[in-house]
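Undergrad: Below you will find the structure I want to go over with you.
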């Protein structure tokens with residue numbers, strides 16, 4: 001009998017690679033299904049196949065041929081160009097269900113994606129189930145620590161994120177000296193940080209403010225756990241923030257060593273918050 005593998009359906013970023021490496025260290029075999037136009041070149045180090053989201057028949061066939069009963073969906077995904085979609089037969093016959101995915105907020109969308117794959121006979125696993133070491137631990141990471149004013153901002157930002165989560169809006173907020181500078185919506189964390197960096201008139205002479213990321217109360221963590229990476233640290237520094245707070249054991253950190261190194265070099269604190 002062929003050995004079972006973990007199928008990693010991979011979008012943008014390095015988290016798919018991190019998950020693959022963690023699975024191999026744990027003695028599991030993997031096969032990466034890299035989404036064309038999204039996936040990092042680094043997947044070439046692993047057994048892989050390039051796939052398209054409008055070719056579901058091919059995607060499912062590869063998963064079954066490679067004996068991938070368990071799958072992980074991880075990485076960023078751009079909005080598809082509808083003019084370039086050329087669906088195969090499997091995509092067409094599942095179209096009624098696929099169209100239903102467009103209704104409702106993010107939470108209902110992601111829950112339906114899980115159901116969609118489960119109906120095809122697969123077991124959907126979260127990245128944190130395969131690679132728990134990617135989770136942000138509780139406490140201080142790196143050499144910089146939040147000051148009392150930062151702690152107050154962290155508390156308020158966490159309150160904001162929780163309120164946003166009740167409305168299925170976003171996973172992050174930026175607060176400086178108790179002022180809410182930005183909340184994350186559909187644009188994502190990087191765009192939110194860029195927006196804050198563009199605010200020329202903060203009224204603050206020194207660096208201040210925090211970014212907090214935490215999952216929404218009913219978030220489908222198997223396919224949409226919040227995450228940060230080295231680019232998040234760089235953007236937070238450009239935005240003039242003092243540091244970043246992450247919900248402990250509920251946020252993924254891609255390239256953790258590099259993230260901590262950059263936070264240390266750029267003077268940002270990084271902490272895992274008890275929720």
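Undergrad: Report those helices (runs of 4 or more DSSP H) wholly inside segment 1-97 carrying at least 3 residues which are under 14 Å from residue 127 (Cα atoms) and modelled with pLDDT of 80 or more.
TA: 15-25
Undergrad: Can you spot a residue in segment 239-247 that is surrounded by fewer than 21 Cβ atoms within 10 Å (Cβ to Cβ) and at negative phi?
TA: The answer is no; no qualifying residue exists.
Undergrad: Another question, then. Residue 245: touching a helix residue (DSSP H, G or I) at 6+ places or on another chain (Cβ under 8 Å), modelled with pLDDT of 90 or more, assigned by TED's automatic domain parsing to the domain that holds residue 152 and part of a loop (DSSP other than H, G, I, E, B), yes or no?
TA: Taking the combined requirement at face value, the residue does not satisfy it.
Undergrad: When segment 257-275 is examined, which residues are found to be at pLDDT 95 or above and assigned to a loop (DSSP other than H, G, I, E, B)?
TA: Result: 267, 268.
Undergrad: Checking the conditions here, which among 176, 182, 191, 186 is assigned by TED's automatic domain parsing to the domain that holds residue 150 and in contact with a helix residue (DSSP H, G or I) (Cβ under 6 Å, 6 or more places away or on another chain)?
TA: Only one candidate qualifies: 182.
Undergrad: Limited to segment 117-167, what total is found for residues that are surrounded by fewer than 18 Cβ atoms within 10 Å (Cβ to Cβ), closer than 30 Å to residue 58 by Cβ and under 16 Å from the mean Cα position of the chain (by Cα)?
TA: 1
Undergrad: Taking segment 42-58 as the region of interest, how many residues are touching a strand residue (DSSP E or B) at 6+ places or on another chain (Cβ under 7 Å) and more than 18 Å from residue 4 (Cβ to Cβ)?
TA: Result for segment 42-58: 5.
Undergrad: Among the helices (runs of 4 or more DSSP H) contained in segment 113-215, which hold 2 or more residues that are within 30 Å of residue 65 (Cα to Cα)?
TA: 127-130
The values are calculated or read from the model by the stated rules, or taken from the named source; none is laboratory data. Nothing here was measured: the structure is a model prediction, and the numbers come from that model. Because the Cβ atoms are built from the backbone with ideal geometry, glycine has one as well, and the counts that use them run over all protein chains shown.
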